[in-house]
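These notes are about the structure you will find just below.
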């Protein structure tokens, strides 16, 4: 069955293709039902391969997406020259035919392109990668200046349920690029349990703050919650044994 997708609503150039997969429409069985795209979660490998092929055909992709071995790093690979399953948390391409992709189940998928439609990128931004600067590094791969980029924030765990400790807040504050960025970081955390030093963190706001500190002004999306929307999205915090949604971006030939 064709895998169901969301087409991001953002003003990307006509030659830029993008899609975010939902968990419906594939052939995986519970608890990976139905459209799991990850081979590392103990799903039946043949079902995953079938889902990936179905996605390629339904979106008319030029090639199978460049799937990554994601490890919450800040490493990026150049898609047209990558082989196998690179250990990285993002990829970029300035050539038609290479499909950049990341897999998520609560972490934040980020799609980027330039206004001229000459380059695209996809990044996997869990809090560790986001704090470590993966979006900064992704923006730096573009030949165009940051104010010429467009960014789409895909489905991630929402601010109302993403509980973290004070060490996460401190880690972000340690990486603040300027006073304005620091204020935005503080605003992205709300104290939940004062006695236990527990906070609720807003990944979307943290990503926007990081991108804005890097000079990006055109930022879209950021209005889903993977944890709360069990019909459409996988969530590791909701059910640790689960599948992964895919976020893809590519240049059309």
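Computed from the coordinates by the stated procedures, all read-outs in this text should not be read as laboratory data. Fair warning: this is a prediction, and the values are worked out from it, not measured in the lab. Here Cβ is always computed from backbone atoms with ideal geometry, including for glycine, and neighbour counts include all displayed protein chains.
Quick notes on this one:
- Across the range 124-164, Cα-Cα pairs more than 14 Å apart make up 58 percent of the total.
- When the alpha carbon gyration tensor of the range 1-108 is reduced to an equivalent ellipsoid, the three semi-axes, largest first, read 22, 18, 13 Å.
- Computed P(r) (all Cα pairs; the range 211-253; 5 Å bins; percent): 5, 16, 17, 16, 15, 16, 12, 3
- Ascending count of other beta-carbon atoms within 10 Å, so fewest first, for 220, 32: 220, 32
- DSSP bridge pairs, the chain: antiparallel proportion in percent, nearest 5: 80 percent
- Summarised in one figure, the compactness ratio Rg/Rh of the range 41-182, Cα atoms and Kirkwood Rh, is 0.99.
- Along its three principal directions, the equivalent ellipsoid of the range 66-140 from the Cα gyration tensor extends over semi-axes of 18, 14, 10 Å, largest first.
- With the simple spin-label model, which puts each label point 7 Å out from Cα in the Cβ direction, the residue 220 to residue 240 separation comes to 3.8 nm.
- Cα centroid separation - the range 25-59 against the range 167-225, whole Å: 33 Å
- Site pair residue 182 and residue 40 shows an inter-label distance of 3.5 nm when each label is modelled 7 Å from Cα along Cα→Cβ.
- Taking 0.36 nm per residue of sequence separation and removing the Cα-Cα distance, the residue 190/residue 69 pair yields an extension gain of 40.3 nm.
- Note on the range 147-253: along the principal axes its Cα atoms extend 55, 38, 18 Å, ordered by decreasing extent.
- Between the beta carbons of residue 116 and residue 198, assuming R0 = 51 Å, the FRET efficiency works out to 0.70 to the nearest 0.05.
- Between residue 230 and residue 171, the distance separating the two model label sites (each 7 Å from Cα on the Cα→Cβ line) works out to 2.8 nm.
- Using the rule -39500 (n - 2.57) for each DSSP H run of four or more residues, divided by the residues of the chain, the 222 nm mean residue ellipticity is -6500 deg cm²/dmol.
- Among 93, 166, 235, the largest mean-square fluctuation in a Gaussian network model of the chain, built with springs joining Cα atoms closer than 10 Å, belongs to 166.
- Quotient of C-alpha Rg and 2.2 N^0.38 Å, computed over the chain: 0.96
- Panel order for 6, 249, by other beta carbons found within 10 Å of each beta carbon, from fewest to most: 6, 249.
- Fully extended contour minus Cα-Cα distance, from residue 60 to residue 140, at 0.36 nm per residue: 25.9 nm
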